Amino acid sequence: MQPLSAPSPLSTNDPVSRGSLRDRMAFEQFIADLSARFVNVAGERVDAEILDGLRRLVEFLDVDRGSLARIAAGGGVVVLSSYAAPESTLPTLQPGPVGAELPWFENELMQGRAVRFSSLDDLPPDALPERAYCQAHALKSYLGIPVSVGGMPFGVLCIASARNDREFPDEAMPRLRLIGEVFANAVVRRNADFRYHRLHAELSHVTRVSTMGQLAASIAHELNQPLCAIINNAHAAVRQLTNANPDLSEVRGALNDIAADGKRAGEVVMRSHGLMKRRELVFEPLSINDVVRDVASLVHGEAVIRRVVLQLSLDESIPRVSGDRVQLQQVVLNLVVNAMDAMAEMPEGSRRVVLSSDRVGRNVRVVVRDTGVGLTPEVAARMFDPFFTTKPNGLGMGLAINQAIIEAHGGDLHAAAGGSERGAAIDFWLPGLPDEAAAITA
């Protein structure tokens, strides 16, 4: 992001109170530059940009400190960001409660009135806590402007000085309030983005847990096979050891089989646990083929129970992608479960799900194809809409979440009829990493 353009040098140390056209134009240009900087600022950069904006404001106004604060719902002033000039005797306020009760100050701001004084003598008699606070912190002149966002009170832009000769005229109030609202809008937008991503992550987690709940019988089936093998091999080893002349090679083979089956059962648990637990997003270079194989292993038991043939047709030459492994597993898992659901009424022997991958230009494509009832044009047009479902007990969020996940990875999700065969095909593509980057991380 480009730095703010420096304001024109002013011939006075008090640009706010100056009324010349040159000074007003300099102030307007400063506000325009500041506003432009916050138009598309990324959420993770908001705090740093506000701090830098306060720094520029302090330097432009030639004051000692600038701060952005909120009035807490239960009372009390909470500092969000603060900057004090290095040569100032005023300290930088740390984010958090100011640690003092300032009832008159809070009431004035809650009523939408600015608080300003050029000396402590300007404070009213009932502002005794405020007077004591200012004396304790060497604060002599001050301006607090209430700011709002969308017509709703947000907080206050504070300008403080250790000098007692600062004046903040009425004509400066709208410009300073606008600066405060630029900061406030950035905070509100950042918080809304964070809430959206948090809620999306929570909904995504709930959907994963719900899908895994549908696979409970499949997971039990996958665990039962290695556990039965472990028990049988353990019995065989015990029988050999009870013989007068035990065959130690048989015992060794049984123990090796036990270890292998234990590892197999552990992998089932690990894959299930990875999809069930709540976690932060982690984008990393990964093989989409490995993601597909993990899901195929996880649903193998479910396919056996449903009499579905699961086939893989993976292009091993495709590049890696940058993504979150668990979220991409969630997408593939949801598509495979949906494909098996679509074939529930089909006769045994005709149920088949094919998972394939290939390269399309610079992108990687994954296709999940079934031999179910197919898609009508109406269903195909709406199937990614939130809460749209053709299942009697469905919530209609799985495909909508899938689409959001793929789009967050820079890709896209599509649905189509099964082509020459009956059924349907859902495919998604992701940007492939450059071959050299993929080779480095391989």
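The values are calculated or read from the model by the stated rules, or taken from the named source; none is laboratory data. Owing to the predicted nature of the structure, the values given are computational and were not obtained by experimental measurement. Cβ coordinates were reconstructed from backbone atoms using ideal geometry, including for glycine residues, and neighbour counts include every protein chain displayed.
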Being surrounded by 15 or more Cβ atoms within 10 Å (Cβ to Cβ) and over 21 Å from the mean Cα position of the chain (by Cα) is the filter here; which residues of the range 310-333 pass it? 310, 314, 318, 319, 320, 333
Are there any pairs with C-beta distances below 6 angstrom linking a residue in the range 90-118 that is of a type outside the set (S, T, N, Q) to a residue that is loosely packed, with under 12 Cβ neighbours inside 10 Å, with the two at least 6 apart or on different chains, and if so which? 104/126
Over the range 95-118, the set of residues under 16 Å from residue 133 (Cα atoms), in contact with a strand residue (DSSP E or B) (Cβ under 8 Å, 6 or more places away or on another chain) and of a type outside the set (Gly, Ala, Ser) is 97, 98, 102, 105, 106, 115, 116, 117
Out of the residues in the range 358-382 meeting the condition of being crowded, with 21+ Cβ neighbours inside 10 Å and in contact with a helix residue (DSSP H, G or I) (Cβ under 8 Å, 6 or more places away or on another chain), tell me which one is modelled with the lowest pLDDT. 372
Note on the range 322-353: residues small (Gly, Ala, Ser) and modelled with pLDDT under 85 are 342, 344, 349
For residue 400, indicate whether it is over 25 Å from residue 316 (Cβ atoms), surrounded by 14 or more Cβ atoms within 10 Å (Cβ to Cβ) and modelled with pLDDT under 85. yes
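Condition check ((1) assigned to a strand (DSSP E or B); (2) modelled with pLDDT of 75 or more; (3) under 20 Å from residue 68 (Cα atoms)) across all residues:
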position: 153; (1), (2), (3): yes, yes, yes
position: 157; (1), (2), (3): yes, yes, yes
position: 160; (1), (2), (3): yes, yes, yes
position: 171; (1), (2), (3): no, yes, no
position: 181; (1), (2), (3): no, yes, yes
position: 192; (1), (2), (3): no, no, yes
position: 204; (1), (2), (3): no, no, no
position: 210; (1), (2), (3): no, no, no
position: 223; (1), (2), (3): no, no, no
